[in-house]
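Undergrad: Shown below is the structure under consideration.
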Amino acid sequence: MMLTTERLRLRPWQDTDAEDLFFYARDPDVGPACGWAPHKSLEESRAVLRSVLAGPECYALCLKESGRPIGTAELMLAGNTDLTDRADECELGYWLGKPYWGQGYMPEAAAELLRHAFEELGMRAVWCGYHAGNDQSRRVQEKLGFAFHHDRPVQVLGRPTTGRVNLLTREQWLARR
Ligand SMILES: CC(C)(COP(=O)(O)OP(=O)(O)OC[C@H]1O[C@@H](n2cnc3c(N)ncnc32)[C@H](O)[C@@H]1OP(=O)(O)O)[C@@H](O)C(=O)NCCC(=O)NCCS
């Protein structure tokens with residue numbers, strides 16, 4: 001599956017992306033915000049490409065200009081998310097390499113992924129969350145139209161914190177178009 005936005009091409013991750021992945025994923029400001037530790041080696045990034053980033057709706061966000069990945073966005077389907085077990089709901093997750101923060105890339109990519117979820121995958125709702133205090137991710141979800149649903153206690157790299165869970169239904173998404 002390939003999706004396209006004004007500035008990005010969304011395509012499956014490939015083994016040959018390992019060096020780009022390691023470059024961004026070793027940054028201590030990226031992974032921990034999502035709940036995973038910074039990558040420690042190229043080998044670790046290679047393993048992550050074949051496991052974590054190999055889901056059917058997981059996309060490398062590639063700059064059209066260079067063709068190289070700068071982040072990821074995924075629709076985690078039932079069985080691969082703890083926010084739902086319904087086949088017509090999924091969870092949106094994402095991260096972006098730090099040099100590209102603040103330029104609207106994630107709202108752009110995620111908007112296309114939501115369109116794909118509702119129009120092509122037949123989803124009735126998409127869940128999305130962030131850890132309390134992650135204002136960057138909160139803003140992305142606000143821009144996409146997500147609404148607060150509930151808080152839950154979560155562990156992030158062994159430390160307890162609050163997980164804020166948001167929801168966007170198909171009706172809400174249609175009403176914003
Ligand atoms: C969350 C994330 C994907 C946002 O993507 P993005 O493309 O930068 O999103 P935006 O450009 O819309 O910026 C979102 C907010 O980040 C803040 N921001 C912008 N530039 C920033 C920078 N250089 N450093 C820190 N924060 C910045 C702004 O508050 C902005 O909100 P605004 O547009 O209302 O001013 C990105 O910050 C990221 O990957 N963070 C680390 C991993 C993470 O938190 N993933 C989500 C886990 S739930």
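Computed from the coordinates by the stated procedures, all read-outs in this text should not be read as laboratory data. This one's a predicted model, so the numbers in the text were calculated from it and none came from an experiment. Cβ: placed from backbone, ideal geometry, glycine included. Neighbour counts: every protein chain shown.
Undergrad: Considering only residues that are among the aromatic types (Phe, Trp, Tyr), within 12 Å of the ligand (Cβ to nearest atom) and buried (at least 16 other Cβ atoms within 10 Å of the Cβ), look in region 94-121 and name the one that is farthest from Ala25 (Cα to Cα).
TA: Among those residues, the one meeting the criterion is Tyr105.
Undergrad: Whether any residue in region 117-131 is assigned to a strand (DSSP E or B) and among the β-branched types (Val, Ile, Thr) is what I want to check.
TA: Within region 117-131, one or more residues are assigned to a strand (DSSP E or B) and among the β-branched types (Val, Ile, Thr).
Undergrad: Has region 58-65 got at least one residue that is away from the ligand (no atom under 13 Å from the Cβ), among the aromatic types (Phe, Trp, Tyr) and closer than 21 Å to Gln136 by Cβ?
TA: Yes.
Matching residues to (1) within 19 Å of Leu75 (Cβ to Cβ); (2) not aliphatic (A, V, I, L, M):
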position: Pro99; (1), (2): no, yes
position: Gly104; (1), (2): no, yes
position: Ala110; (1), (2): yes, no
position: Arg124; (1), (2): yes, yes
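Undergrad: Which ones in region 122-169 are surrounded by fewer than 18 Cβ atoms within 10 Å (Cβ to Cβ), touching a residue at least 40 places away in the same chain (Cβ under 8 Å) and farther than 21 Å from Leu96 by Cα?
TA: Arg124, Val154, Thr169, listed by residue number.
Undergrad: If you don't mind, there's one more thing I want to ask. Can you name the residue in region 133-155 that is under 14 Å from Pro32 (Cβ atoms) and over 17 Å from the mean Cα position of the chain (by Cα) and is also farthest from the ligand (Cβ to nearest atom) among such residues? Steps first, answer last, please.
TA: Of region 133-155, the ones under 14 Å from Pro32 (Cβ atoms) are 133-134, 136-137, 154-155.
Keeping just the survivors that are over 17 Å from the mean Cα position of the chain (by Cα) gives 133, 154-155.
On the way: Gly133: 10, Val154: 11, Gln155: 15 Å.
Only one residue fits best here, namely Gln155.
Residue-wise test of (1) surrounded by fewer than 17 Cβ atoms within 10 Å (Cβ to Cβ); (2) over 15 Å from the mean Cα position of the chain (by Cα); (3) under 12 Å from Arg68 (Cα atoms); (4) within 16 Å of the ligand (Cβ to nearest atom).
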site: Thr4; (1), (2), (3), (4): yes, yes, no, no
site: Asp17; (1), (2), (3), (4): no, yes, yes, no
site: Ala25; (1), (2), (3), (4): no, no, no, yes
site: Glu43; (1), (2), (3), (4): yes, yes, no, no
site: Ala47; (1), (2), (3), (4): yes, yes, no, no
site: Val52; (1), (2), (3), (4): yes, no, no, yes
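Undergrad: Restricting attention to region 75-92, which residues are closer than 18 Å to Pro12 by Cβ and surrounded by fewer than 22 Cβ atoms within 10 Å (Cβ to Cβ)?
TA: The initial filter retains those residues of region 75-92 that are closer than 18 Å to Pro12 by Cβ, namely 75-77, 80, 90, 92.
Met76, Leu77, Asn80 - these are the residues of region 75-92 that are closer than 18 Å to Pro12 by Cβ and surrounded by fewer than 22 Cβ atoms within 10 Å (Cβ to Cβ).
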